[in-house]
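Following: one structure in structure tokens, then a few remarks.
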Amino acid sequence: MNRIFGLLLVALAVLVIIVFFANPELIETVWFWLVGFIGYIIYFSRKGLKSLKNLFKNDRPTPFALTPETNKSPSGKNKEREELLKNLPETDPETWEFLASSELTLLRYLDDGNTSLGLLYLGKQFFCYTLEDTHRDEKLPGGTRIPEGKYPLSFNPSLTELTKRYRKRFPWFEYHIEIKNIPNYELVYIHIGNSHQDTRGCILLADGVNTGSSEKMVTHSQRAFERFYKRIYPKITSQKGLAIKILNEDWMERAGLRQKTLEAVNN
């Protein structure tokens with residue numbers, strides 16, 4: 001029985017080697033998948049340990065937390081609700097917009113001082129990964145990401161050298177998609193690239209992320225860009241008025257605080 005099991009393992013290993021030799025791209029794909037999977041295991045392990053520590057803490061609730069809800073007077077509850085309502089998104093719409101209120105939404109989630117990584121959504125559906133330059137309090141030309149905000153999309157009709165190169169490479173390409181009306185920025189495009197050295201303030205699209213190396217990079221950028229371009233460019237040329245909303249890394253905290261506030265008001 002052990003011999004049969006051993007032979008099966010050897011046969012499986014040989015089959016895997018043959019598949020990788022026949023299709024080398026699978027090695028890269030599987031490797032990135034494993035790196036991401038290990039990262040999720042580490043993340044959830046830490047969260048689990050933190051939860052266990054909190055479970056066995058000897059802290060006791062404060063007397064206020066034990067006070068029954070019924071002991072509060074109606075006028076007291078109304079005052080609390082009024083205070084909570086002051087922090088609702090509707091009082092500061094530019095800061096607290098709904099995440100899915102735009103057709104295109106970029107949610108930044110990491111900035112290591114050189115590179116910013118993000119998630120691009122079309123409506124409520126995840127579309128691809130993004131890579132930008134880092135945030136800087138003072139703009140460094142060609143090395144600073146654009147500020148968060150909502151910006152219209154258009155195409156740049158200029159026949160630049162970059163446009164000529166793209167046209168030569170891709171028969172489906174016409175003009176670059178440009179992000180407009182950014183204070184103190186111009187000629188900011190959405191295009192192909194692999195690291196912050198390719199961005200110069202622009203947004204790169206990709207189907208894969210490599211966070212294991214010292215320099216954060218993205219992969220399969222051309223594939224993601226082609227898919228994006230064929231879907232978005234016709235809408236831009238048809239004058240549909242598309243815009244992209246970009247949110248910084250604290251969007252998760254802001255969205256969570258909004259939900260907690262609404263729940264507190266409704267209780």
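The values are calculated or read from the model by the stated rules, or taken from the named source; none is laboratory data. Here the structure is a predicted model, which is why all the values come from computation and not from measurement. Every residue, glycine among them, receives a Cβ derived from its backbone with ideal geometry; neighbour counts consider all protein chains shown.
Results for (1) at positive phi; (2) at pLDDT below 95, shown as yes or no for each residue.
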| site | (1), (2) |
| --- | --- |
| F173 | no, no |
| R200 | yes, yes |
| V209 | no, yes |
| R227 | no, no |
| T237 | no, yes |
| K240 | no, yes |
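Being surrounded by 15 or more Cβ atoms within 10 Å (Cβ to Cβ) and either assigned to a strand (DSSP E or B) or of a type in the set (S, T, N, Q) (or both) is the filter here; which residues of segment 120-137 pass it?
Correct list: L120, Y121, L122, F127, C128, Y129, T130, L131, E132, D133, T134.
Scan I182, I177 and give me the residue that is touching a residue at least 12 places away in the same chain (Cβ under 8 Å) and surrounded by 18 or more Cβ atoms within 10 Å (Cβ to Cβ). Walk me through how you get there before you give the answer.
Working: I182 fails: surrounded by 18 or more Cβ atoms within 10 Å (Cβ to Cβ).
Just one listed residue meets the conditions, I177.
Within segment 164-200, how many residues are under 21 Å from K139 (Cα atoms) and of a type in the set (S, T, Y)?
Residues flagged as under 21 Å from K139 (Cα atoms) and of a type in the set (S, T, Y) within segment 164-200 amount to 4.
Which of the residues belonging to segment 146-193 are of a type in the set (A, V, I, L, M) and under 23 Å from E103 (Cβ atoms)?
Matches in segment 146-193: I146, L153, I177, I179, I182, L187, V188, I190, I192.
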